[in-house]
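FYI, it's all coordinate maths here, none of it is from the lab. Since the model is a prediction, treat every value here as computed from it, not as a measurement. Note that we place each Cβ from the backbone using ideal geometry, even for glycine, and neighbour counts take in every protein chain shown.
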Amino acid sequence: MAGSRRLTELAEDVSARLDLPDGPLVVALSGGADSAALLYLCADPGTETRALHVNHGLAHSDMMESAAGDIAQRLGIDLDVVAVTVEEGPSPEGQARRARYAAFVDRTGEGDRLLTAHTRDDNVETVVFNLIRGTGPRGLGGIPYHRLHNVFRPMLTITRSETREIAALAGLPFMDDPMNDDPGLTRNVIRSRVIPMLVELNPRLSESIARMATTVGSDSAYLDDEAAQVRILHGDDSVGVAVGDLLAVAKPLGDRILKTMLTHAVGPEGVSAERVGNLWSVARAETAAVELAPEVRVVRRGPLLVVETGSEGFDVRPVTLSPGRHRSGRVEFDVLSHDGPCMVAPLSAWAAIFPANTQLAVGSDGVVTADEEPAWTPGGKRLPVAWYEPGSVGYLSIFAKEVTGWTSSP
């Protein structure tokens with residue numbers, strides 16, 4: 001009876017802090033105590049709830065699947081099991097996470113609300129882990145409550161000790177994942193060694209970090225919203241932004257824009273301070289182009305800063321601009337030859353005139369050269385060499401435009 005009374009009191013207390021979204025609930029059931037407790041708290045006859053388990057195909061995955069099946073059966077909840085393949089990579093934990101979240105997206109509908117059992121302790125460990133990595137404000141903001149289109153973390157104010165006690169008092173047959181004891185995983189070292197040392201310095205470490213993460217997370221979310229006002233353009237194997245828009249915003253916003261571009265082009269693991277600096281260098285015309293990785297390059301394309309992926313994403317050799325139509329990267333050129341004198345100078349940054357017989361070419365950096373001297377950046381400025389002497393007979397006119405196929409980011 002005492003155990004039953006304690007379970008009732010604890011469940012009521014924790015449920016009052018459980019931040020559940022509206023809609024059909026899908027609990028990501030790992031087989032451990034945290035997700036078992038979450039499923040127990042969601043197993044209300046008046047709530048549409050099911051469970052989803054991801055088998056990663058690792059050494060102890062079958063054992064965890066069995067535990068998840070037993071927990072779901074004990075609570076009378078339908079369980080969907082999906083097997084995934086974890087790709088090899090520098091971080092097995094990160095590869096498993098990517099496979100898991102891909103399965104979440106694949107096995108949930110638009111109206112479903114998928115719940116993961118991240119606790120306040122997980123949040124503290126994540127902040128410390130990100131601090132060690134030298135992350136920015138997003139990392140110090142901890143685990144977000146909501147991510148992707150339908151993933152929620154309703155237990156971020158609840159401690160691991162509370163979830164474990166609920167699962168034990170409810171008699172749920174959970175299992176501890178042996179990977180949580182692997183000393184080779186950085187997160188486990190933080191959990192078993194670093195956090196206890198920090199708690200000696202600050203017994204209220206969990207509350208302090210949670211408070212800091214909330215403050216930093218709110219500030220970071222505001223900056224993210226501001227940065228999202230600048231359109232990011234997407235093309236085949238490319239992502240770009242108008243240089244003028246980028247240079248017009250404060251650097252913290254610009255950094256976010258460039259990180260978003262890198263994430264689209266090379267994935268979150270490809271984002272680094274060095275690469276963001278590379279993009280700034282090209283945007284400010286300090287560098288013509290930078291190769292970030294094999295077949296990944298950042299260049300200026302007229303008014304755009306573009307990260308291109310794939311061997312066909314950019315032009316390595318200059319394109320000769322003879323009379324006719326030509327394409328270099330995302331810019332198309334119409335070159336016309338005229339026999340008479342030019343009476344009107346072009347007013348657009350996307351048009352230019354040159355004397356007849358001038359050797360014109362455009363390089364991979366988007367700069368048009370006249371007799372091998374930089375003369376004009378389409379959409380930008382014309383340098384003094386881009387001249388035409390009024391009254392002269394014979395000239396070349398060039399009209400440039402962005403190639404269709406770019407779409408704005410939603």
For the chain, share of DSSP beta bridges that run antiparallel, in % to the nearest 5: 75 percent
From phi via Karplus (6.51, -1.76, 1.60), per-residue ³J(HN,Hα) for the stretch 256-268 in Hz, x at Gly/Pro: 5, 4, 5, 5, 5, 4, 5, 4, 5, 7, 10, x, x
GluC sites (Glu not before Pro) restricted to DSSP loop in the stretch 101-206 with at most 11 other C-beta within 10 Å: Glu110
Cα gyration tensor shape of the stretch 2-221, rounded if a/c is under 1.5, else prolate or oblate by comparing a/b with b/c: rounded
Under-5 Å amide H pairs with Thr135, H placed in peptide plane, nonlocal only: none
Hz values of 3J(HN,Hα) by residue in the stretch 96-110 - Karplus curve (6.51, -1.76, 1.60), Gly and Pro given as x: 5, 5, 4, 5, 5, 6, 5, 5, 4, 5, 5, 9, 10, x, 4
Span from the the stretch 18-86 Cα centroid across to the the stretch 100-178 one, whole angstrom: 13 Å
Gaussian network model of the chain, springs between alpha carbon atoms under 10 Å - residue of Gly363, Gly139, Gly171 with greatest fluctuation: Gly171
Dipole of the stretch 73-230 [Lys/Arg +1, Asp/Glu -1 at C-beta], most positive-end residue of Thr214, Val151, Gly94: Thr214
Summed residue charge, Cβ within 14 Å of Leu25's Cβ, Lys/Arg positive, Asp/Glu negative: -3
Table column - 3J(HN,Hα) (Hz), the stretch 122-138, Karplus curve with 6.51, -1.76, 1.60, x for Gly and Pro: 4, 5, 4, 4, 5, 5, 5, 4, 5, 5, 4, 6, x, 6, x, x, 4
The stretch 124-173: C-alpha gyration tensor shape, a/c 1.5 cut-off, then a/b vs b/c: oblate
For the chain, calculated [θ]222 nm from helices alone, where every DSSP H run of n ≥ 4 adds -39500 (n - 2.57): -11500 deg cm²/dmol
For Arg301, residues with placed amide H under 5 Å, excluding near neighbours: Val306
Listed residue (Val239, Val290, Gly277) projecting farthest to the positive dipole end of the stretch 233-309, Cβ model: Gly277
Over the stretch 233-309, relative contact order from alpha-carbon pairs under 8 Å, at least 6 apart, %: 35 percent
Quarter of Cα convex hull surface for the stretch 233-309, i.e. mean projection, nm²: 4.5 nm²
Estimated FRET transfer efficiency (Ala285, Leu131; beta-carbon r; R0 41 Å; 0.05): 0.70
Residues with amide H under 5 Å from that of Leu360, placed H, sequence gap 5 or more: Leu321, Asp371
Spin-label pair Tyr145/Ala248, simplified geometry with 7 Å Cα→Cβ offset, distance in nm: 3.3 nm
Label-point separation in nm, Ala83 to Asn180, each point 7 Å along Cα→Cβ: 2.6 nm
Percent antiparallel among DSSP beta bridges (both partners in the stretch 2-221, rounded to 5): 10 percent
